[in-house]
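Read the structure below first, then the notes.
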Amino acid sequence: MAAKGTRIERKTAKAAAASEKGRGKLLGYAKVSTTDQDLTVQRQALKGAGVATVFEEKASGTKRDGRTELHKVLGVLCDRDTLVVTRLDRLGRSLRDLANVAHEIEQVGANLKVLEQNVDTSTAAGRAFFGMLAVFSAFETDVRRERQMEGIALAKRRGVYAGGKARLDRTRVKQLAKDGVGPARIARELGMARSSVYRLLEEAAKLTSIRHRGHATTRHK
């Protein structure tokens, strides 16, 4: 019985070792948006999850431009490795960005583990989650495209679309403002950015002020 028990223990130990060997490396990625934010909390959480190597960076913005450490960790991931992050928004702020990262991880045969949201793509549930993520990402892109087309159609109806960015209709902006229409509504109606509306109104106000000063000077003469 003792010999049989020893053989079973040896088989269990070998199986565990093989499983550990086939699991690959755990690589962590930690990110904050500004230089005055601290990475300590993320670093400790990743270390607590068994991650020995953590790629860290402080980068602002929602796009991957300039995120050198993210590019590095994605570049060194190999088959059966696992990229570990504390939250999904450490990887990207949009569904499209997350789906792209997930695709790159999947392409090399690696997995993604998200600690706070309990996501692990080495499991069936985790893989299903990222399949849903890809679907929602496509949906987000379609919605954005539809909104863009709606804006173009509206600009064409208003006569301010010139085959690209909407032409700034100064006269129409001033008339709507004179009629009591607010900048946000003017922007929607003319298919313009609110910042452009504010700029045109500011230019109009300055021009009116200059004209008033010119008239006053003429009267004094």
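Here are a few things to note about the model shown:
- In segment 92-108, the residues that are surrounded by 15 or more Cβ atoms within 10 Å (Cβ to Cβ) and in contact with a Gly (Cβ under 9 Å, 6 or more places away or on another chain): L98, A99, N100, V101
- Residue match in segment 79-87 (condition: of a type in the set (A, V, I, L, M, F, W, C), surrounded by fewer than 14 Cβ atoms within 10 Å (Cβ to Cβ) and under 29 Å from R144 (Cα atoms)): no
- Cβ pairs under 6 Å, 6+ apart, first in segment 27-52 and surrounded by fewer than 15 Cβ atoms within 10 Å (Cβ to Cβ), second among the polar types (S, T, N, Q) and modelled with pLDDT under 95: S33/S60
- Of all residues in segment 98-141, those satisfying the criterion of being hydroxyl-bearing (S, T, Y) and modelled with pLDDT of 85 or more are T121, S122, T123.
- Enumeration of residues in segment 45-58 that are of a type outside the set (D, E), modelled with pLDDT under 95 and more than 18 Å from N111 (Cα to Cα): K58
- Boolean, S196 is among the hydroxyl-bearing types (S, T, Y), in a helix (DSSP H, G or I) and either modelled with pLDDT of 70 or more or loosely packed, with under 13 Cβ neighbours inside 10 Å (or both): yes
The values are calculated or read from the model by the stated rules, or taken from the named source; none is laboratory data. Small disclaimer: the values here were computed from a predicted structure and weren't measured. Quick reminder, even Gly has a Cβ in these numbers, built from the backbone with ideal geometry, and neighbours come from all protein chains shown.
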